[in-house]
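Below: the structure, in C-alpha cells.
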Amino acid sequence: MCTHNAPKSTQQRTTSYPTTPSQTVGPYLHIGLPWPDGPHVVAEGTPGAVWIRGTVYDGAGATVPDALVETWQADPDGRFDHPDDPRGARARPGFRAFGRCPTDAAGDYGILTLRPGAVPGPHGDQAPHVDVSVFARGMLHRVVTRVYFPEEEAANAADPVLGSIVDPEARATLVARRTEDGYRFDIRLQGEGETVFFDI
C-alpha cells in the first residue's frame, strides 16, 4: 500500500495580501479607446453639421494632451436612440448620437455633429444640449458636464439643470461660444473658471 502526505485540512492559510492600489482612468484610454471616425457623429458635408471644438485644461491651466472627450445627445427633434426614450429616435442616416475624440498634443478636441432639439423632462423641457464625459490622467472617475447653445436664450433660461446653478459665472461655463463653423467649448477640470460638472 502506498502512502503519501495528506493535505493539512485543519490548517488555514492566513496569508494576507495588500490592497490593490487605485488606478486612474488614464493615460492608456487615450491609446486604446479612440476609433478613426469617433469624432464624427455625422459625416463631413452633412447638411446642418457643426463642429464643437475646445481645449481641455488641468487645474494649473496647462493643456491636457491625453484626455478623451465623449459626447451623447438627442437628435435635432429631441429624441434619443435609446430604449429609455419611448418616442424613439427618427431615422437620420449617418447620425449615431455618440462621439469620441482624444485630445491632441495641444489639448484640443473636436466633434462634428448636429445641434440637438429640446428634450422633455420631468420638470419641464430641457434646453438643447450635448452631454459630455471627460476622461483624463490623474482622475479616478470620468467627469460629466453639458454643452448648451448661446442662441437658445429663452430655452436656456427655462432649463431646470442650468437653473439649478445659482452662480451666473459657473452657469456660463456650460454655454458654448459661436464660431465660424460651429461652437467653442473649453473644459477646465479644476481651478479658476472650472467647468461645472454633475454628480451622477
Task: Heavy atoms of ASP186 accessible to a 1.4 Å probe, total area in Å² rounded to 10 - done: 30
Task: Value of Rg to Rh for the range 117-196 (Rh from inverse mean 1/r over Cα pairs, i.e. Kirkwood) - done: 0.97
Task: Accessible-area value, TYR57, 1.4 Å probe, nucleic acids and ligands omitted, Å² - done: 50
Task: Percent accessible area from carbon and sulfur atoms, the range 55-200, protein chains only, probe 1.4 Å - done: 51
- [ ] Give the Debye-formula value of log10 I(q)/I(0) at each listed q (0.11, 0.12, 0.14, 0.20 Å⁻¹), with one equal scatterer per alpha carbon of the range 58-200, two decimals each.
- [x] -0.42, -0.50, -0.69, -1.38
- [ ] Give me the distance in nm between label points sitting 7 Å out from Cα along the Cα-to-Cβ direction at GLU194 and ASP104, one decimal.
- [x] 3.0
Open item on the list: What is the sum of charges, Lys and Arg at +1 and Asp and Glu at -1, for the other residues whose Cβ falls under 15 Å from the Cβ of ALA136?
Closed with: -3
- [ ] Grab the other residues whose beta carbon is less than 10 angstrom from that of GLY193, score K and R as +1, D and E as -1, and report the net.
- [x] -3
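The values are calculated or read from the model by the stated rules, or taken from the named source; none is laboratory data. None of the values given here were measured: they were computed from a predicted structure. Neighbour counts run over all protein chains shown; Cβ positions are idealised from the backbone, glycine included. Note: accessible area is taken over every heavy atom of the protein model, side chains too, but ligands, DNA and RNA are not part of it. Shrake-Rupley method; radii C 1.70, N 1.55, O 1.52, S 1.80 Å.
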